[in-house]
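Attaching a single structure in structure tokens format; questions to follow.
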Amino acid sequence: MKKLMVLGAGISQLPLIKTAKKMGLYVIVLSRQGDYPGFAWADKVYYEDTTDTDKVAEIARLEGIDGICTTGTDVAVKSIGKVVDEIGVSGLNYESAQLSSNKWEMKQAFMEHGVRTAKFVKVKNKEEAYAAFEVLSLPLIFKAVDSGASKGIVKVTDIEQVDYAYEKVRRDTKLDFFIVEEFIEGTEFGAQAFVYNNEIQFIMPHGDLMFYGDAGVPIGHYVPYELPDEVEQDLFSQLKQSILALQLNNCAINADFILKDEKVFVLEIGGRAGATCLPELVSTFYGFDYYEQMVRAALHMNPIFSVQSFQPCACELLLSDKEGEITELVNGNASHVDIIQISFDYNIGDKINKFRVGTDRIGQIIVKGGRLDEVMNRLNEVKGNINVQLK
Ligand SMILES: Nc1ncnc2c1ncn2[C@@H]1O[C@H](COP(=O)(O)OP(=O)(O)O)[C@@H](O)[C@H]1O
Ligand SMILES: [Mg+2]
């Protein structure tokens, strides 16, 4: 029986773990301790920090794993690179993992390869943060380079906000520097893709539904995302250049873009699939099981990304606009072929957060339909039939 190690046991990794189990694999789950749903499905659990690259590599070697995989998070990607380099399993290498999980290194690589990205400077202290205002045009965005899920990212429209932004970013980074970049006013969207044996297997552009707090937080996605031909060509060429810049291979790709004046700016590229139901949208849109292909790629088991359809679909996170304890959780939706999933991350009695960043989600909805406008109507209807009460 082949052994697969999955990094992370959270809500994003749960479907990956379940799929690997369904495929008859021996699944080792490695994650820090916590109330994570993936543990229950594992054949074996290691309670370790997924960012501890040496520890992860040591366990991978000890277990003699056949493959390693994660999804929906950047923080575990470096450990995958380390294991790939050290024991020779399939996946992105360490250099590539490092470039794609540190926004400073990523942006430098982008510049070297002519990828269009927002102007930026590296900042080590408050003095340098103020100095950034002299070389960049407002608004700006203060950004931790080692974080994710929109944590440690603050939009700054006025020099008065420097103290707030500085403290906030400092709290969310483990490093002694961060970046300040120009804020691109435009439409945010993204793409999922996969590179296997140095060939791009598919590129699926998707629309993003955004929540605006300290920065933008993607809370939903939809496909297809129709773009004018020239913009789509620009997207493909920016993405190809980014893949070269970061040397990504044998991995899923999660790309964040902003479209401004018909030009695609690359915000960031991760060497793993997106969170927020994005793998489910890939599976629904194309008609192949994306989690299964991720696992197959990790095990060099001939992944097949064969497009069966272009099924319009969308997903959205369930969120709460206040914090509290759940007293009532009612899903008033009758089952329907176009409702693919309605799931809650919490139960009655659990405490939930007021939504600010991606990890404050309380559940998710995935729907499909004949046309995109029908899909979006269905999404809103389903959302409206869900009632969460707090005390
Ligand atoms: N230069 C920028 N211009 C406009 N918005 C930005 C910029 N950088 C980040 N954002 C906003 O902040 C969000 C999070 O930033 P991102 O770089 O994607 O980090 P992460 O998703 O890892 O937290 C983006 O989805 C976007 O809404
Ligand atoms: Mg992002």
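Pop a pseudo-label 7 angstrom from the Cα along the beta-carbon direction at both Glu127 and Tyr164 and give the gap in nm to one decimal.
Roughly 2.6 nm, to one decimal.
Amide H to amide H under 5 Å from Leu267: which residues, 5+ apart in sequence or cross-chain, H placed 1.01 Å off N in plane?
Asp256, Phe257, Ile258
Separate question: Considering the zone a paramagnetic label at Glu105 would reach in this model (a point 7 Å from Cα along the Cα-to-Cβ line), which residues of the range 146-174 have amide N under 16 Å from it?
So the set is 146-148, 174.
Quick check for you: with a 1.4 Å probe and neighbouring chains kept, what is the accessible area per residue of the chain, in Å²? Display every interim value, and only then the final one.
Numbers: 17050 Å² over 391 residues.
Accessible area per residue, the chain: 44 Å².
In nm, to one decimal, how far is the modelled label at Glu374 from the one at Thr327, with both set 7 Å along Cα→Cβ?
According to this spin-label approximation, the distance is 4.0 nm.
Place a point 7 Å from the Cα of Asp43 along the Cα-to-Cβ direction; which residues of the range 5-20 have their backbone N under 16 Å from it?
Answer for the range 5-20: 5-7, 17-20.
How far, in nm, would the chain grow between Ile304 and Thr157 when pulled straight, counting 0.36 nm per residue and subtracting the alpha carbon separation?
48.3 nm
Could you sort out which of Lys55/Lys260; Lys119/Lys174; Lys22/Lys354; Lys122/Lys351; Lys2/Lys383 sit more than 32 Å apart by Cα distance in this structure? Intermediate results must be reported in sequence, preceding the final value.
Working: Lys55/Lys260 43 Å; Lys119/Lys174 23 Å; Lys22/Lys354 35 Å; Lys122/Lys351 38 Å; Lys2/Lys383 40 Å.
With Cα atoms farther than 32 Å apart: Lys55/Lys260; Lys22/Lys354; Lys122/Lys351; Lys2/Lys383.
Using the C-alpha atoms of the range 3-89, what convex hull volume per residue, in cubic angstrom, is computed? Display every interim value, and only then the final one.
Working: hull volume 6.4 nm³, N = 87.
Cα convex hull per residue, to the nearest whole number: 74 Å³.
What Rg and what Dmax come out for the range 119-182 when only alpha-carbon atoms are used, in angstroms?
Cα only, the range 119-182: 10.2, 29 Å (Rg, Dmax).
Among Lys368, Lys151, Lys44, which one moves the most in a GNM of the chain with springs linking Cα atoms closer than 10 Å?
Among Lys368, Lys151, Lys44, the largest GNM mean-square fluctuation belongs to Lys44.
Volume per residue, Å³, of the convex hull around the alpha-carbon atoms of the range 177-282? Could the numbers behind the result be given before it?
Working: hull volume 12.0 nm³, N = 106.
So the per-residue hull volume is 113 Å³.
Between Lys18 and Lys260, what is the label-point separation in nm under the 7 Å Cα-to-beta-carbon projection?
4.0 nm
Kindly provide the pair-distance distribution of the chain built from C-alpha pairs, with 10 Å bins from 0 and whole-percent values in order of increasing distance.
Over the chain, the share of Cα pairs per 10 Å bin runs 5, 23, 33, 28, 11, 1 percent.
While we're here: Which of Asp158, Asp146, Asp49 moves the most in a Gaussian network model of the chain with Cα springs under 10 Å?
Among Asp158, Asp146, Asp49, the largest mean-square fluctuation in the Gaussian network model of the chain belongs to Asp158.
So, by mean Cβ neighbours within 10 angstrom, what's the order for 347-356, 183-192, 316-325 with the highest one leading?
Values: 347-356: 14.0, 183-192: 18.5, 316-325: 16.2.
Top of the packing list down: 183-192, 316-325, 347-356.
Using Cα springs under 10 Å in a Gaussian network model of the chain, which residue among Leu267, Leu62, Leu248 shows the largest mean-square fluctuation?
Per the Cα network of the chain with a 10 Å cutoff, Leu62 tops the list.
The values are calculated or read from the model by the stated rules, or taken from the named source; none is laboratory data. This is a predicted model, so every value here is computed, not measured. Using ideal geometry, Cβ is built from the backbone for each residue, glycine included, and neighbour counts are taken over all protein chains shown. SASA here: full protein model, heavy atoms, side chains in, ligands and nucleic acids out. Shrake-Rupley method; radii C 1.70, N 1.55, O 1.52, S 1.80 Å.
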